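K.L.:
Please see the structure below; I have some questions.
The values are calculated or read from the model by the stated rules, or taken from the named source; none is laboratory data. Computed from a prediction, not measured in an experiment: that's the story for all the values here. Cβ coordinates were reconstructed from backbone atoms using ideal geometry, including for glycine residues, and neighbour counts include every protein chain displayed. Just so you know, the surface numbers come from the protein's heavy atoms only, side chains and all, with ligands and any DNA or RNA stripped out. Shrake-Rupley method; radii C 1.70, N 1.55, O 1.52, S 1.80 Å.
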Amino acid sequence: MKSGLADVTTPNAAAAVLKERNAPVDFAYEGDDGNVYLTARYIPEIDWYLVVQQPEQVALLSARENLVRTVGAGVLVTLAVLMVSVLTVNRYQRRLEEQARTDVLTGLDNRRGLEMKFAMLHAMMGRGGLPFSLAVMDLNGFKDINDTYGHTAGDHVLQGFSRLAEECFRETDTIAR
């Protein structure tokens with residue numbers, strides 16, 4: 001009777017419980033309301049038997065509730081992990097796209113960014129007939145600044161010129177390096 005669940009009648013269960021003192025014993029028997037589970041264990045410190053009896057319906061109800069809670073918690077955790085993953089990947093993707101079209105030194109659009117905006121403006125012009133302008137600027141003597149003062153000084157000149165250009169042009173204008 002030590003291992004597994006034994007089918008007994010109520011009087012047989014009482015005799016089996018009192019007989020076993022070394023290990024817990026488990027029984028199942030047919031009660032008035034269906035199957036009943038009985039677990040018993042001898043507690044030598046107080047010379048008592050601990051007997052727990054539970055109808056099968058109550059045991060299964062508890063198991064079902066635990067299953068529903070576990071599955072529900074698993075679904076919620078899975079959804080939360082998926083949501084965080086999607087948000088993280090989307091944010092990273094936006095950062096990569098921003099870096100791909102932005103000049104690192106000046107923060108202005110690079111050639112890729114300019115080409116994207118030019119294609120969009122060209123499509124708008126074809127659809128609505130709205131004109132747009134394109135201007136190209138050259139910093140005369142910039143090579144001399146790099147050759148004379150070094151590339152760090154040339155970088156500072158480019159950054160300063162970029163800030164000045166952003167202040168002079170409209171927000172709707174595109175400035176690119």
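K.L.:
Within segment 121-142, which residues are out of contact with any Phe, Trp or Tyr (no Cβ under 6 Å at 6 or more places or on another chain) and under 12 Å from THR174 (Cα atoms)?
P.N.:
Selection gives PHE132, SER133, LEU134, ALA135, VAL136.
K.L.:
Restricting attention to segment 20-48, which residues are part of a strand (DSSP E or B) and exposed (fewer than 14 other Cβ atoms within 10 Å of the Cβ)?
P.N.:
GLU30, GLY34, ILE43, TRP48
K.L.:
Among the helices (runs of 4 or more DSSP H) contained in segment 67-177, which hold 3 or more residues that are open to solvent by 50 Å² or more (accessible area, probe 1.4 Å) and touching a residue at least 12 places away in the same chain (Cβ under 8 Å)?
P.N.:
Counting at least 3 such residues, we get 111-128, 151-168.
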